[in-house]
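Novice: I have a structure I would like to understand better, so I am pasting it below and will then ask my questions one at a time.
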Amino acid sequence: MDKPKVVLGVSGGIAAYKACELLRRLTESGHDVRVVPTGSALHFVGEATWSALSGNPVATEVWESVHEVPHVRIGQEADLVVVAPATADLLAKSAHGLADDLLTNTLLTARCPVIFAPAMHTEMWEHPATQENVATLRRRGAVVIEPAVGRLTGVDTGKGRLPEPGGLFELCRRVLARGVPAAAPDLTGRHVVISAGGTREPLDPVRFLGNRSSGKQGYALAATAAARGARVTLVAANSALPDPAGVDVVPVGTAGQLREAVLKAAADADAVVMAAAVADFRPARYAEGKIKKRESREPDPIALVRNPDILAELSAERARPDQIVVGFAAETDEVLANGRAKLARKGCDLLVVNEVGEHKAFGSAANEAVVLGADGTEIPVPYGPKEALADTVWDLVVGRWRDAAVPQSDQM
Ligand code: CTP
């Protein structure tokens, strides 16, 4: 099989150096990458670097190798175009269909999925001109991810960083895997909130009650949603996983902190997915100082109090009437019967039921599940990567939004 053809567009921002690492990951994983920098990008990273890392010629203008008609051919032949970093200027040109160099021409001729990874100062990102350009590009079907928050050029910090190359690479891989026309970003314009990881309930400054959740399923839900165009808030409890590209990550520790962060983000969310393993109980008392063992005495029992059930609360008090709420359940026996009872008890729209066993659920990269619907549906998801289960969950959520949008008379 031919290698997938990727165009890596690079516009003139300091984050161009991170695109070198993205390029390396793409070529090493078997992609044929053609780098198309803008003239300004070459001020940051030179042509020799792009050419050596890609193994392909590099041009910025339409006047080079004119006989090959590169301004049309590169875009036409691409399976994916990713622009990283995308400056405010590049986004503006692309939103308005300008074509004054090879990259902007390529963006006009490409019919494959297009990803823009913006990077700029916070003020430039927040400016209404940039926001309107981003909205235009998203409406036309491009995946424009949210920049990361953190250190910017100079001493500034804020929203505007290019996400790390590993996350960008995963995003490219996901969008490519969905292919055309499935890659049409069907979550564009939606805000989704996902909780992931496992909460820790402190006993004293050094000990906690926790669980074995790695966060992988919740992170897969966040990464797949971003690849499908959503604005994603990931409330992450104690996970060691890297931030997925284009996702706003809110780190939390305890069930109480997770509840606060999820309820706040859910206020304007189209869907909330509770993939976190939330502690049902927490120690009744937190010891300010480390609990000592005191050899002469038997240990004191640990008294517990119940934590609020966040999923039940979200389901009962929907921030919006059309909000879809999804829960997860890990069961060891009577999987379907327990799942049905839990779905009814919690009041959510969908419940993803995992059977906990060897190589499944906790810590593993793969999962097998049944997705139960409040409408009585039962969708089995065969053993496979957690990303496949995540995509099935989003397919079901999108289906429910679609059904809800159909007027009653049309449903007859
Ligand atoms: N959950 C929650 N708040 C809690 C506990 C759990 O929102 N305090 C959510 C989890 O994120 C998950 C779902 O509820 O989406 C199922 O959690 P689980 O602990 O299995 O449900 P329980 O009702 O506690 O059932 P069990 O008796 O099996 O523990």
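Novice: Going through the stretch 207-232 one residue at a time, which ones are closer than 22 Å to Val114 by Cα and not small (Gly, Ala, Ser)? Explain how you work it out, then say what you get.
Specialist: Just the residues of the stretch 207-232 that are closer than 22 Å to Val114 by Cα, to begin with: 220-232.
Listed by number, the residues that qualify are Leu221, Thr224, Arg228, Arg231, Val232.
Novice: Which residue is nearest to Pro37 (Cα to Cα), if the candidates are limited to the stretch 47-77 and must be assigned to a loop (DSSP other than H, G, I, E, B) and not hydrophobic (A, V, I, L, M, F, W, C)?
Specialist: By that ranking, first place goes to Thr60.
Novice: Can you name the residue in the stretch 291-314 that is farther than 19 Å from Thr199 by Cβ and at pLDDT 90 or above and is also farthest from the ligand (Cβ to nearest atom) among such residues?
Specialist: Out of the qualifying residues, it is Ile291.
Novice: Residues Ala276, Ala271: which one is in the same structural domain as Asn211 (by TED's automatic domain parsing) and more than 8 Å from the ligand (Cβ to nearest atom)?
Specialist: Result: Ala271 is the single residue among Ala276, Ala271 that is in the same structural domain as Asn211 (by TED's automatic domain parsing) and more than 8 Å from the ligand (Cβ to nearest atom).
Novice: Are there any pairs, at least 6 apart or on different chains, whose C-beta atoms fall under 6 Å, with the first in the stretch 342-356 and of a type in the set (A, V, I, L, M) and part of a helix (DSSP H, G or I) and the second open to solvent by less than 10 Å² (accessible area, probe 1.4 Å) and within 10 Å of the ligand (Cβ to nearest atom), and if so, which?
Specialist: Every condition considered, the pairs that remain are Leu343/Leu351.
Novice: Follow-up question, since we're still on this one. How many residues does the stretch 192-218 contain that are within 30 Å of Val144 (Cα to Cα), open to solvent by less than 10 Å² (accessible area, probe 1.4 Å) and in contact with a helix residue (DSSP H, G or I) (Cβ under 8 Å, 6 or more places away or on another chain)?
Specialist: 6
Novice: May I ask you to verify whether Lys264 is more than 16 Å from the ligand (Cβ to nearest atom) and open to solvent by 20 Å² or more (accessible area, probe 1.4 Å)?
Specialist: For Lys264, the condition - more than 16 Å from the ligand (Cβ to nearest atom) and open to solvent by 20 Å² or more (accessible area, probe 1.4 Å) - is not met.
Novice: Now, a different point. For the condition farther than 27 Å from Phe208 by Cα, open to solvent by less than 40 Å² (accessible area, probe 1.4 Å) and in contact with a helix residue (DSSP H, G or I) (Cβ under 6 Å, 6 or more places away or on another chain), what is the one hit in Ala319, Ala329, Ala369, Ala312?
Specialist: Values: Ala319 fails: open to solvent by less than 40 Å² (accessible area, probe 1.4 Å); Ala329 fails: farther than 27 Å from Phe208 by Cα; Ala312 fails: farther than 27 Å from Phe208 by Cα.
That would be Ala369, the only listed residue that is farther than 27 Å from Phe208 by Cα, open to solvent by less than 40 Å² (accessible area, probe 1.4 Å) and in contact with a helix residue (DSSP H, G or I) (Cβ under 6 Å, 6 or more places away or on another chain).
Novice: Failed condition for Ile145, given (1) open to solvent by less than 10 Å² (accessible area, probe 1.4 Å); (2) out of contact with any strand residue (DSSP E or B) (no Cβ under 6 Å at 6 or more places or on another chain), with all others met?
Specialist: (2)
Novice: Is it true that Thr157 is without any contact (Cβ under 8 Å) to a residue 24 or more places away in the chain and open to solvent by 10 Å² or more (accessible area, probe 1.4 Å)?
Specialist: Judged against the criteria, Thr157 is a match.
Novice: Residues in the stretch 28-38: is at least one of a type in the set (A, V, I, L, M) and either surrounded by fewer than 21 Cβ atoms within 10 Å (Cβ to Cβ) or in a helix (DSSP H, G or I) (or both)?
Specialist: The answer is no; no qualifying residue exists.
Novice: Count, please, the residues in the stretch 195-223 that happen to be in contact with a Leu (Cβ under 9 Å, 6 or more places away or on another chain) and under 19 Å from Ala388 (Cα atoms). Can you show your working first?
Specialist: Kept after step one, since they are in contact with a Leu (Cβ under 9 Å, 6 or more places away or on another chain), are these residues of the stretch 195-223: 195-197, 199-203, 209, 214-223.
Of the ones still in play, those that are also under 19 Å from Ala388 (Cα atoms) are 195-197, 214-223.
Number satisfying all stated conditions: 13.
Novice: Would you pick out the residues in the stretch 179-206 that are farther than 27 Å from Val114 by Cβ, out of contact with any Phe, Trp or Tyr (no Cβ under 7 Å at 6 or more places or on another chain) and within 12 Å of the ligand (Cβ to nearest atom)?
Specialist: Matches in the stretch 179-206: Ser195, Gly197, Gly198, Thr199.
Novice: Would you tally the residues in the stretch 235-249 being under 13 Å from the mean Cα position of the chain (by Cα) and part of a strand (DSSP E or B)?
Specialist: Result for the stretch 235-249: 5.
Novice: Pull up the stretch 160-175, narrow it to residues that are open to solvent by 40 Å² or more (accessible area, probe 1.4 Å) and not in a strand (DSSP E or B), then point me to the one that is farthest from Pro4 (Cα to Cα).
Specialist: Glu164
Residue-wise test of (1) in contact with a Leu (Cβ under 9 Å, 6 or more places away or on another chain); (2) assigned to a helix (DSSP H, G or I); (3) closer than 19 Å to Ala255 by Cβ; (4) not assigned by TED's automatic domain parsing to the domain that holds Val397.
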position	(1), (2), (3), (4)
Asp300	no, no, no, no
Ser315	no, yes, yes, no
Pro321	no, no, no, no
Phe328	yes, no, yes, no
Asp333	no, no, no, no
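The values are calculated or read from the model by the stated rules, or taken from the named source; none is laboratory data. Since the structure is predicted, the reported quantities are computational estimates derived from the model, not experimental observations. Glycine also receives a Cβ, built like all others from the backbone with ideal geometry; neighbour counts cover every protein chain displayed. Ligands, DNA and RNA are excluded from the accessible area calculation, which covers all protein heavy atoms including side chains. Shrake-Rupley method; radii C 1.70, N 1.55, O 1.52, S 1.80 Å.
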